[in-house]
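Everything on this sheet refers to the single structure shown next.
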Amino acid sequence: HLDRITEVDDHIHAFLHVDTAGALAAAKAVDEGIAGGNAPVSALAGVPLALKDVLTTEGVPTTCGSKTLEGWIPPYDATVTRKLREAGVVILGKTNMDEFAMGSSTENSAYGPTHNPWDHARIPGGSGGGSSASIAAFEAAIAIGTDTGGSIRQPGSVTGTVGVKPTYGGVSRYGLVAFSSSLDQAGPCARTVLDAALLHEVIAGHDPLDSTSIDAPVPPVVAAARQGMTGDLKGVKVGVVKEFGGDGYQLGVERSFQAAVEQLRALGAEVVEVSCPHFVYALPAYYLIAPSEASSNLARFDAMRYGLRVADDGNHSAEEVMSLTREKGFGAEVKRRIMLGTYALSSGYYDAYYGSAQKVRTLITRDFAAAFEKVDVLVSPTTPTTAFKIGERVDDPMAMYLADLCTIPSNLAGNAAMSVPSGLSDEDGLPVGLQIMAPALADDRLYRVGAAYE
Ligand code: GLN
């Protein structure tokens, strides 16, 4: 994999940092353990993985795709990082991402965009474009992403790979640099559903270091993937979300979705149409809630605690150092979110914006609850279009935000959701993804249906 990175990453730019020495040392430790007569510590021992640069790694740079954190070396591992190391997974390096995970194309990285391995002129999705591209380009076998509004699933969809957002609280957020704390969730990226399940099992589980971590057993995702691989979905009820489709959806995506629904039926699933009337309000609610939380979370980058500090020359006040550093360290999208969020939270507007968005969030959660009384999983396209061209949407934030139309409801409700490859669009020959959504703590359902379908 290190050779493959050397060979192709100049063209893909999936990695911000390759930790050659650390990877070789981790691999050697696994080999020596086995040579010494010990069984591998897990099914993924020795498997090379790419880690999104939003999770801290002790002694290895973590930038979140931002100039603000350039040169910062975290003094501790995120819980996800620690669990990977304990399982003998070999961490190859840190992957490119939209700055602080804000974006849908990886073009908001301060270090330049990642290219889609299927067509280098196109985006690999975002914010975790580097993680998904690294596995699509065979630079890593598996990867870790984070999903606040779709940043694991949408890159999975446009790169033809599997991406899973676990139930909120299913995977610890300790050491995950916060964007929107009530939505952020780390999860697996892989080329097969079974690989994703094996990785899910390694990173999931209760963590006392994260107060939102759920103290419940990890859903039986590996067993479910194996069950799904038998290709039998008899007894499974699948709901097609009526509200997702039509205007703004490419015909190639819609046709791929119809074919996917037919295939689920052919595998024995019972398919019905389900209405979730408030899902159409998920996007505007998200773009109030996520920036509000971000405006608060990003206050910690104050030029005093981490990374960049400019104008620290004795001629500037502390306040000037802070504002000049934030001016220089943050990119345009991050500043847009901070302004949106600060405005939405300001006194006099709080109820109208943030308060209303939270009410919409509750209505969406209720839509899901009503739907899951009738069906086991819901399905939709993962994203309305295939990979768009680099540069095509950079000047149009609204067009960029629309990429997450179908993925955001699961974040707002805290539910589990997966994107699984659904072939190539008959319109442009690019990968399309099928989104499968399940109730909170029923992540195993995604794996059963996803493995049967893939
Ligand atoms: N594209 C969405 C945003 O820009 C989602 C990002 C994410 O899931 N991290 O906020």
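Read the figures in this text as sums done on the coordinates, not as results from a lab. Because the structure is a prediction, the values reported are computed rather than measured. FYI the Cβ positions are ideal-geometry reconstructions off the backbone, even for glycines, and counts take in every protein chain you see.
Quick one: net charge of residue 144's neighbours, Cβ under 15 Å, K/R +1, D/E -1?
0
Dipole magnitude of the chain about its Cα centre, charges +1 at Lys/Arg Cβ and -1 at Asp/Glu Cβ only, in debye to the nearest 20?
Working: 35 positive and 53 negative charges, 145 e Å.
Dipole of the chain, to the nearest 20 debye: 700 debye.
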### Task
Find how many whole Å separate the alpha carbon centroid of the range 160-219 from the alpha carbon centroid of the range 239-317.
17
### Message
If I histogram all Cα-Cα distances within the chain using bins 10 Å wide from 0, what percent of pairs lands in each bin?
### Response
5, 22, 33, 26, 11, 2, 0, 0
### Message
From the phi angles alone, apply the Karplus equation (6.51, -1.76, 1.60; θ = phi - 60°) to the range 146-160 and give each ³J(HN,Hα) in whole Hz, x where the residue is Gly or Pro.
### Response
9, 9, 9, x, x, 5, 9, 6, 5, x, x, 4, 7, 10, x
### Message
With θ taken as phi - 60° and the coefficients 6.51, -1.76 and 1.60, list the Karplus ³J(HN,Hα) couplings across the range 85-97 in order, rounded to whole Hz; mark glycine and proline as x.
### Response
4, 5, 7, x, 5, 8, 8, 6, x, 10, 9, 5, 7
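Would you mind classifying the range 234-276 by shape? Square roots of the alpha carbon gyration tensor eigenvalues, ordered a ≥ b ≥ c; an a/c under 1.5 is rounded, otherwise it is prolate if a/b is larger than b/c and oblate if not. Could you put the intermediate results ahead of the total?
Values: a/c = 4.93, a/b = 1.53, b/c = 3.22.
The shape class here is oblate.
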### Query
Can you work out ³J(HN,Hα) from phi for every residue in the range 258-266, in order, using Karplus 6.51 cos²θ - 1.76 cosθ + 1.60 and θ = phi - 60°, giving whole Hz and x for Gly and Pro?
4, 5, 5, 4, 4, 5, 4, 4, 4
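Near residue 202, within a Cβ-to-Cβ distance under 9 Å, what is the net charge of the other residues, with Lys and Arg +1 and Asp and Glu -1? List each step's numbers first, then the result.
Numbers: positive: 83; negative: 86, 201.
It works out to a net charge of -1.
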### Message
Given an 8 Å cut-off on Cα distances and at least 6 residues of separation, report the relative contact order of the chain as a percent.
### Response
19
### Task
Name the long-range amide H neighbours of residue 422: under 5 Å, sequence gap of 5 or more, or other chain; modelled H, no Pro or chain starts.
432, 433, 434
### Task
Tell me which residues come under 5 Å, amide H to amide H, from residue 442 once H is placed; ignore anything under 5 positions away on its chain.
416
### Task
Would you mind checking which residues have amide H under 5 Å from residue 17's amide H? H placed 1.01 Å from N; only 5 or more apart, or other chain.
94
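In the range 114-173, which chymotrypsin sites (Phe, Trp or Tyr not before Pro) fall in coil by DSSP and have 15 or fewer other Cβ atoms within 10 Å?
Working: sites: 118, 138, 168; in loops: 118, 138, 168.
Passing sites in the range 114-173 are 138.
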